[in-house]
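First the structure, in the form of structure tokens, and then the observations on it.
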Amino acid sequence: MTIKHSPARRSALKALGVPALLGLCPPSVRAQGFPSHSITLICPFGAGGSVDQYMRVLSQTASRHFGQSIVIDNKPGAGGALSAAILSKVRPDGYTLGMLSSSAFRAPWLEPKMAFSPLTDFSYIIGMTSLEFCAVVRADSPIKSFAQFMEIGKEKPGSIQYAAGDPTTSVPITMVSIQKKYGVEFQHIPYKSGADMAVALAGGHVDAVIDSVGTYVPYIRSGKLRLLGALGETRFKAWPDVPTAREQGYDVVLSSPLGIAGPAGLPVDIVQRLHDGFRRAMQDPETTAVLDTLNQPEWYRDPAAFEAYAHAAYKESGDLLKNAGLI
């Protein structure tokens, strides 16, 4: 039997175009055919840092599960929030995704012109890992511990220059509160990536670095840098003899969960397909090995749990910034 369409009907179908017709496909059919080409995964930080290192291994393992290449696109800027702003504006087809850091939940409070909201502008796919922070100095530095670092900041205010991300990132914002609480003062020197900070520290351009630990692992192991303290809840597995900041008498806890998201409006079946593929990639031995190397824990969250975390983190960021007098 031949189905005939009127000229008006044919014109209407033509006007719909391929994307609209694809939208009529049952979800199961659409997800089965996804992805049909490479996926771009936006990295919020520069090449060479711990987030970039993790994402590059993840992209290799994930590509095997998706049957398509995963292309890393580094978009550093605004402490990681620039990439979030870019991600919020892309087409919601699942082919452009991004790794969200804590800056994505903080920047809208500080920079309304970024024009995105963590509450409405993203489709949350999967929580993956958490950056654990540290304080490091050169091996020849007279500073031997995080406690001594803080003592100098009190006795000689402003005499220590420390490298960290730009002023919208976790470290400098948290340090504002810490300095007020303990009556200390340091000079913050902003950098775009951990790789840049490591070079600056080695070259004597700054006295210390406070950053996620991954970038500095080889320098600490080789003896070029000294670890002053772990700034998370627990000591690093690689250096069990180095106490946390809390154990050294200072209530300092820094961590930054990371997860993959897409723009708002991703079809639920595509979100699930992406979640499942990246979840398998997380469990790949190559991916777990790089987390061990970077001294980062797994931080798995399914789409609903990651979205719940994002909403809570957005509110908490606003509270922290208000308490610090930054907004």
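The values are calculated or read from the model by the stated rules, or taken from the named source; none is laboratory data. No experiment lies behind these values; they were computed from the predicted model shown. Please note: Cβ atoms are built from the backbone with ideal geometry, for glycine as well, and neighbour counts cover all protein chains shown. Accessible surface is based on the protein model in full, side chains and every heavy atom, while ligands, DNA and RNA are left aside. Shrake-Rupley method; radii C 1.70, N 1.55, O 1.52, S 1.80 Å.
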- Note on the structure: Here the residues within the stretch 311-327 that are hydrophobic (A, V, I, L, M, F, W, C) and either surrounded by 14 or more Cβ atoms within 10 Å (Cβ to Cβ) or touching a Gly at 6+ places or on another chain (Cβ under 8 Å) (or both) are ALA313, LEU320, LEU321, ALA324, LEU326, ILE327
- Restrict the check to the stretch 92-111 and report whether at least one residue is open to solvent by less than 50 Å² (accessible area, probe 1.4 Å), part of a loop (DSSP other than H, G, I, E, B), under 25 Å from GLY277 (Cβ atoms) and at pLDDT below 95. yes
- Note on ALA305: of the conditions (1) within 27 Å of SER59 (Cα to Cα); (2) in a loop (DSSP other than H, G, I, E, B), unmet is (2)
- Note on the structure: If we take the stretch 6-81, then helices (runs of 4 or more DSSP H) inside it with 2 or more residues that are over 28 Å from VAL217 (Cβ atoms), modelled with pLDDT of 85 or more and open to solvent by less than 20 Å² (accessible area, probe 1.4 Å) are none
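The rows are residues; the columns are (1) modelled with pLDDT under 95; (2) closer than 23 Å to PRO297 by Cα; (3) open to solvent by 60 Å² or more (accessible area, probe 1.4 Å).
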residue: ARG246; (1), (2), (3): no, yes, yes
residue: LEU254; (1), (2), (3): yes, yes, no
residue: PRO257; (1), (2), (3): yes, yes, no
residue: ILE260; (1), (2), (3): no, yes, no
residue: PRO267; (1), (2), (3): no, no, no
residue: ILE270; (1), (2), (3): no, no, no
- Filtered residues of the stretch 288-322 (kept if among the β-branched types (Val, Ile, Thr) and within 16 Å of the chain's Cα centre (by Cα)): VAL290
- Note on the structure: LEU274 fails exactly one of (1) open to solvent by less than 10 Å² (accessible area, probe 1.4 Å); (2) without any contact (Cβ under 8 Å) to a residue 60 or more places away in the chain, namely (2)
- Subset of the stretch 191-216, residues over 16 Å from the mean Cα position of the chain (by Cα) and surrounded by fewer than 21 Cβ atoms within 10 Å (Cβ to Cβ), comes to ASP196, VAL199, ALA200, ALA202, GLY203, GLY204, HIS205
- Note on the structure: Exception for THR234 within (1) β-branched (Val, Ile, Thr); (2) farther than 22 Å from PRO76 by Cβ; (3) open to solvent by less than 40 Å² (accessible area, probe 1.4 Å) falls at (3)
- Item | Members of the stretch 123-148 found to be open to solvent by 20 Å² or more (accessible area, probe 1.4 Å) and at pLDDT 95 or above, listed by number | ARG138, ALA139, ASP140, PRO142, LYS144, SER145, GLN148
- Message: Any residue that is in contact (Cβ under 8 Å) with a residue 24 or more places away in the chain and touching an Asp or Glu at 6+ places or on another chain (Cβ under 6 Å) - is there at least one of those in the stretch 234-252?
- Response: no
